[in-house]
Each structure stands twice: as C-alpha cells, then as structure tokens.
Amino acid sequence: ATTASLLRFITCGSVDDGKSTLLGRLLYDAGMVPEDQLAALERDSARTCPGEAPSLDFSLLTDGLDAERQQGITIDVAYRYFQTPRRSFIVADCPGHEQYTRNMATGASTADVAVVLVDARKGLLTQTRRHSYICALLGVRQVILAVNKMDLVEFRQDIYASIEMACREMIASLGIDDVQCLPVVATDGDNIGKRSARMPWYDGPSLLERLECIEVPAVRGAAFRMPVQWVNRPDPEFRGYAGTICGGTVAVGMPVVVQPGSQRAHIERIVTADGDLPQAREGQAVTLTLDREIDIVRGDVLADAAQPAQVSDQFAAHLLWMGDEALLPNRTYILKCGTRSVSARITAIKHKVDVNTQAELAARRLELNEVGYCNLDLDHPIAFEPYAQNRTLGGFILIDRQSQATVACGMFDFGLRRAHN
Ligand code: GDP
C-alpha cells in the first residue's frame, strides 16, 4: 500500500470531548476551508464571544454544515472529503447526540481508522469503551487516540501518560493492536496540523501527519464479488448487470457464478461511463455482461466461480440494536445485505455483551445500543461472507416492517446448517 492512497476515518468520543472542534481544526490546518466559509467563521465566532480577543470557534465549521443534511435522512452521517499534498481523506462526521451510537456505527462500518477522543480532564469513560468496542466490532483495526483539552490540565505529561496507558490496555483488549496516541488542544491546534511547542515532552508527529502516514494493509487475495444493483436492459440486444464491486477484481473472460444459485457464465464485457475496461476492481461501479443468458435479478451476487461466496439461510451474527423498542426474539424483520432484502427472524439471543468488561451475559431481549450474539433464520438463502472478510457481504441491517426504521446493524459470523427435524 502506498501512503498516497485514500484513507477513510471516523472521529469518536463522548459528547463535548471536542469532536466537532477537532475536525474543524483539522480541515482548517489542512487548508481545506474555503475563503467564504472562513469569513463566515470569523463573523460567527465574534458573535459567540463578543469583545474578546478574536479566537475562532472551529466547531462552527462542521456544525454549520449540519442543517444542509437534516432533511429526511434516517442515518445522519456526512462524509467529508479533503486532501493534502500527501493523501486524500474521507471522514465520516457523525453528529447527533441522541442517535450518536447509530450514526457512529454507520460511519465505523466504512472506516479504516478511528480517531478516538478523550477529554484530558475526564480520562477513559464508559462511552469511550462503548465507541471503541463498536469500532472493533465493525472492523476498524487501527486507532489513533487523541487526548484533547491538554490546556485544561496544564499540559501535564503525567496525566497524559496515565490516560494513554488505560486506553491502550482497553483498546488492546478489543483485539486492536495498532494504537497510536498523542496529546492535543483542538481549539488552538496543538499537535493537530503542526507539532506543539507547549508540550515539548511529546516528540511524535501531529494528528495530520499521522493520518497522512498511517498504512492500511490491503485485503490480500479477496475474491471477486459484486451484488447486482439493477438489471440494465435498454433493448433486446443488451443485458447488463450494474453494481459496485465489493471485493477483488474482475476481468473479461473470467468465469463467474450467480449466487445464491449455482449457474455459471463468463464475463463478456465490463462497461463503464468512460467506455469498456479489460478489468475492474473493488470500489468501482460497473455494468457487466455475460456470455450467455441467465435469469439474474437485483440482489443476486456475481462471484468468482473458482472461489464462490458461502450461501446459507441460518446464521450466527453480532447485532448492535438501534431500535427504540427492544429486540424480541421471534419477531420478523426485513434484513438487507448487499442489495438483497429478505425476511429474517431472530431465533435466539445467545448472549449480550457488556461493553465495559466484554463479559457475555444471558439476555431475553436487547435494548437500545446493546450488542448481542444471535441466531438468525432467513426465509431465503443468501450469499454472504464473514464480516471480517468482506464488510459488504458480511454486514447487514434489520428494518422494522411497520415503521420502516433501521433497528439494528449486524455482522455475520458464520452460516449454520439447517437442522433437520
Ligand atoms: P463535541 O460534542 O465532541 O463535538 O465537542 P465540541 O467540539 O462541540 O466541543 C465541546 C466544547 O469543548 C466546546 O466548548 C469547545 O470549544 C471545547 N473544546 C474543544 N476542544 C478543546 C480544547 O482542546 N481545549 C479547550 N479548552 N476547550 C476545548
């Protein structure tokens, strides 16, 4: 992996730890704030603290944009794109205090790196544990721990060191080995874009430098997968299957299997808006044509015939419950995985997880923000992969039939064989 690659990250922390300020400051230090917005920021900052020496309230930079996206979106995550000469970034900005966990889970499901914020005055809180646990559950394998508001603890190294130790231990217990720590002052920019002269005892890189340099290991040997988003059939001469490749690479001539069935064909063409390609890879949106007619519908998965995905209608999965009403076993929900929707029933809650201790507790139900390990029974088999191997085919959401609200996100662990009885 080159460092010039795209990095997806998320910021998490408790309310008021300084997430908005940190993100605003980061964009500012990276030179990513447009002139007109900068002028508005100066104006608005002067209004919030009149008469004082001009200091900029960087949280206004990100908060100010929220209004734009609060229209009819169920999961409220804004993806901001920015760039430095060394790298480009997509940061999932997850506002909303009430639904923060839900928004954070959505953001974490696509993030390579989590920037976990801790308030230097408060140290490691239950919320920090919860958010770190959810990041780990959703496949984040690298964490940057930013101990913020160092100005409010007189820049004391001993305070930083004890928070660093506690957090490292907690994060390591979640199976995340790659943890980098640094002390910051989000409001003033210490160790955000530039290294700080006020904490000479810290001689590591700034947050921006770390984000620019952190290497995300590529998933090695991932097999080709593409969930079919729609069947493109403009005339009888052409039948294409459109979707976004969610694993591996595809090439013209490659044998593929249409899952959850077992029909096979070869790739004839890889069509894009910019013309045909000889091959395409994960992340690209393409239209594929095959060398023979097969009945394919939205929701089917085109997969490498030599390494097909698994197929099952019975699963063990982790669920993060996000519904206002508790999860009750045996109720039917709509399960969406990739581009497929099926009916699903939770047949058993095997245990729930205490996010503080990771202890497995017996449970009859799952409440808002609780994590449980459950058995699921689907009314149709689907193609899937364990979440650790493929976030698209391994991740799913559950939707309540009546309210149409998203009530859970889940991660397949493995498929179960249907019991014969
Ligand atoms: P969020 O809820 O995590 O997004 O937190 P905000 O970014 O809104 O910050 C909460 C409060 O903490 C605001 O009043 C910020 O100005 C303040 N704050 C954030 N970072 C720092 C810091 O490094 N030092 C000090 N003194 N205050 C900070």
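Values quoted throughout were computed directly from the atomic coordinates according to the rules given, and no laboratory measurement underlies them. Predicted model only: the values in this text are computed from it and were never measured. Neighbour counts are summed over all protein chains in view; Cβ atoms, including those assigned to glycine, are modelled from backbone coordinates with ideal geometry.
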Exercise. Among DSSP beta bridges whose residues both lie in the chain, state the antiparallel percentage, nearest 5.
Key: 75 percent
Quiz item: By the gyration tensor of its Cα atoms, with a ≥ b ≥ c the square roots of the eigenvalues, what is the shape of the range 285-368: rounded for a/c under 1.5, prolate for a/b over b/c, or oblate?
Solution: prolate
Quiz item: With a sphere of radius 12 Å drawn around the Cβ of Gly299, what net charge do the other residues whose Cβ falls strictly inside it have (Lys, Arg +1; Asp, Glu -1)?
Solution: +2
Self-check item: Percent of alpha-carbon pairs separated by more than 38 Å within the chain
Solution: 28 percent
Quiz item: Percent of alpha carbon pairs in the range 80-168 separated by more than 20 Å?
Solution: 42 percent
Quiz item: So, how do all the Cα-to-Cα distances of the range 261-330 break down into 5 Å bins, in percent, from 0 on up?
Solution: 3, 10, 17, 17, 15, 9, 8, 10, 7, 3
Quiz item: Taking every eigenvalue of the Cα gyration tensor of the range 275-421, multiplying by 5 and rooting it, what semi-axes result, largest first, whole Å?
Solution: 31, 16, 15
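Could you work out Rg/(2.2 N^0.38 Å) for the range 139-248, with Rg from alpha carbons only?
1.70
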Practice problem: Count the net charge of all other residues whose Cβ sits under 10 Å from the Cβ of Gly240, scoring Lys and Arg as +1 and Asp and Glu as -1. | Solution: +2
Practice problem: Would you mind calculating the relative contact order of the chain from Cα pairs under 8 angstrom and at least 6 residues apart, reporting the percent as a whole number? | Solution: 12 percent
